[in-house]
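Report on the structure given below.
The values are calculated or read from the model by the stated rules, or taken from the named source; none is laboratory data. What you see is a predicted model, and the numbers here were worked out from it, not measured in a lab. Glycine also receives a Cβ, built like all others from the backbone with ideal geometry; neighbour counts cover every protein chain displayed. Side chains are part of the model used for accessible areas, which takes the heavy atoms of the whole protein and leaves out ligands, DNA and RNA. Shrake-Rupley method; radii C 1.70, N 1.55, O 1.52, S 1.80 Å.
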Amino acid sequence: MRRAIRPLLLAVTLAAGLVPAAGGAQERVLIANLASRTGPFAASATPIMNGQRDYITLLNERDGGLNGITLHYTECEIDGRQAAAACYEKARADALLVLPGSTGAMLEILPKANEDEIPLLSSGDGPSSIAEGRTFRWAFNPPASYWDGVSMILRHVSDGEPNALQGKTVAALHLDSSFGREPLALLKHLSEQHGFRLLSVPVSLTEMQNQSAQWQRIDRAQPDFVLLWGRGPMNAGAIAGALETGYPMDRIIGIWSSADAAALQRFGDATAGYRAVTWNRPDAGAPLLRDIRNHVVAPGKSLADAAGGELESVFYQRGLIMSALAVEAILAAQEHFEERLPGPEQVRWGLENIAMDAGRLEALGLTGMVAPFETRCADHTGHGGGWMLRWNGKAFVVASDLLEADRGVLAPLERQSAERFAKSDVAQPEDDACRP
């Protein structure tokens, strides 16, 4: 049973610390976020950050923070160039929890965070082997990993029988970066296991908006499916390439960063049929969204384009959930250790003990927006599953029941990957079993 605790909340932060306000005023909580409001990924990152920011604002406006402590949200701009280390260094003295926001940023700061013993939370992002808590003590990526996403996609397109993909060709159109290369090892393994051909089609940062060469290659190969592993302008570039070559929209399936409504809207009804898997299901009528409208948007405290429908978008609502997950970790630490302001090690424990069951989701106003899941010492992901969305030409609609990854296949591969990471400075292996 949860004790009644008013949330301290440092939800969507690179770091947060409790410090005296200027002039000897009341204490306040400072919150900093790795931001990409400028640079190539701004269009898709900004709605997510607006959601993160609005959740914090909601808690201040609706709940009054914690016993008079105001939550101050700040951002450190990295301009999409993975300059995460500089932002981390600015805030690490007060860091309780870090949200890197991308696979590249996670890999950049993880060795230092291991040394500083500061937990990292990158919801649905980062290397999938982060699930192995016995190796990645300080890194977390709930509620689902990229490898979970691959498994869900292949199980969906094969009607739950991946062996039905035998003899088919699956093209992986991916950004040529640590993020974009993340699915390739798993796809190679699954192609050998199930007998399909894997066609890797990388896209460099300079080619994101003009993918003519890539789509000519896809056009020649005529794969049965194209798995789009894009972010920002790469998504629109991929849609343009598909339309130019006449590749069917209903055979393109994106990972959650490619559930990009803004990219699809540019091309009108011709994009109908496009699909993307996502760990968050959009719900315009969610109780949480109602409170956001009443306490944040109506008083003019939101940066989101509410009139333009941003609040209903997949990305904005993903930002809300990212903040909620971080908050749950803080609350778990507060309750377990009976600390008004838990330290980084205690917050790490909280991240290992997130329990998003049906009752907790209802209490947070998130029912149906994210699948129930829980994290554990040995499982830093939770693997809650996700949904397939289909674009109808104007908006995404839910096109599946809850999808789940094949954990029997993925778990041993995650362990193998974690063992490889453990030989570098990226992971911090533990010889003993996870502590309770």
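Details
- Rolled with a 1.4 Å probe across the full set of protein chains, the surface gives T38 an accessible area near 70 Å².
- Whole-number accessible area per residue in Å² for segment 370-413, which is evaluated in the context of all protein chains at 1.4 Å: 40 Å²
- Distance histogram in 5 Å bins (all Cα pairs of segment 232-278, percent per bin): 5, 24, 39, 25, 6, 0
- Taking all protein chains together and rolling a 1.4 Å probe, E207 ends up with roughly 60 Å² accessible.
- With all protein chains kept in place, the per residue accessible area of segment 142-192 amounts to 34 square angstrom at a probe of 1.4 angstrom.
- Rolling a 1.4 angstrom probe over the protein heavy atoms with all chains in place gives segment 227-350 an accessible area of 33 Å² per residue.
- For segment 299-382, the relative contact order comes to 21 percent (Cα pairs under 8 Å, sequence separation of at least 6).
- A cut-off of 5 Å between modelled amide H atoms, ignoring neighbours fewer than 5 places along the same chain, links T169 with R197, D224, F225.
- For segment 102-156, the calculated P(r) over all alpha carbon pairs, in 5 Å bins from 0 to the bin holding the longest distance, is 4, 21, 30, 24, 11, 6, 3, 1, 0 percent.
- Remark: the chain carries a charge dipole of roughly 560 debye about the Cα centre, counting +1 on each Lys and Arg Cβ and -1 on each Asp and Glu Cβ.
- Orientation-averaged projected area, Cα convex hull of segment 347-436 (nm²): 8.8 nm²
- Mean-position separation - Cα centroids, segment 160-238 and segment 84-156, in angstrom: 24 Å
- Taking the chain and dividing mean pair separation by its residue count, relative contact order in percent (alpha carbons under 8 Å, at least six apart): 21 percent
- Relative contact order (%) - segment 125-209, alpha-carbon pairs under 8 angstrom, separation at least six: 28 percent
- Estimated purely from DSSP H runs of n ≥ 4, each contributing -39500 (n - 2.57), the mean residue ellipticity at 222 nm for the chain is -11000 deg cm²/dmol once divided by its residues.
- Measuring max minus min along each principal axis, the C-alpha atoms of segment 263-384 give extents of 53, 36, 25 Å (largest first).
- Share of alpha-carbon pairs per 5 Å distance bin for segment 143-258, given as whole %: 2, 12, 25, 26, 20, 12, 3, 0
- Counting only DSSP beta bridges with both residues in the chain, the antiparallel share comes to about 40 percent.
- Equivalent ellipsoid semi-axes - Cα gyration tensor, segment 59-177, angstrom: 35, 18, 15
- Whichever lysines have a C-alpha closer than 20 Å to that of K168, once near sequence neighbours (fewer than 8 apart) are set aside: K188
- At least 27 Å along the helix axis (C-alpha) and Kyte average at least -0.5, DSSP helices within the chain: 314-337
- Positive-end extreme of charge dipole, the chain - chosen from A363, Y247, L184 (charges on Cβ): Y247
- Scattering profile of the chain at q = 0.09, 0.10, 0.11, 0.12 Å⁻¹ [log10 I(q)/I(0), Debye over alpha-carbon scatterers]: -0.53, -0.66, -0.80, -0.96
- Accessible-area composition of segment 207-321, carbon plus sulfur, in percent [1.4 Å probe]: 45 percent
- Here segment 252-318 is treated as a Stokes sphere of Kirkwood radius computed over C-alpha pairs; at 4 °C and 1.567 mPa s its diffusion coefficient rounds to 98 µm²/s.
- Segment 246-299 and segment 342-414: distance between their alpha carbon centers, rounded to Å: 18 Å
- The largest accessible area among H194, H72, H336 belongs to the first residue in H336, H72, H194, and the rest follow in falling order (1.4 Å probe, all chains).
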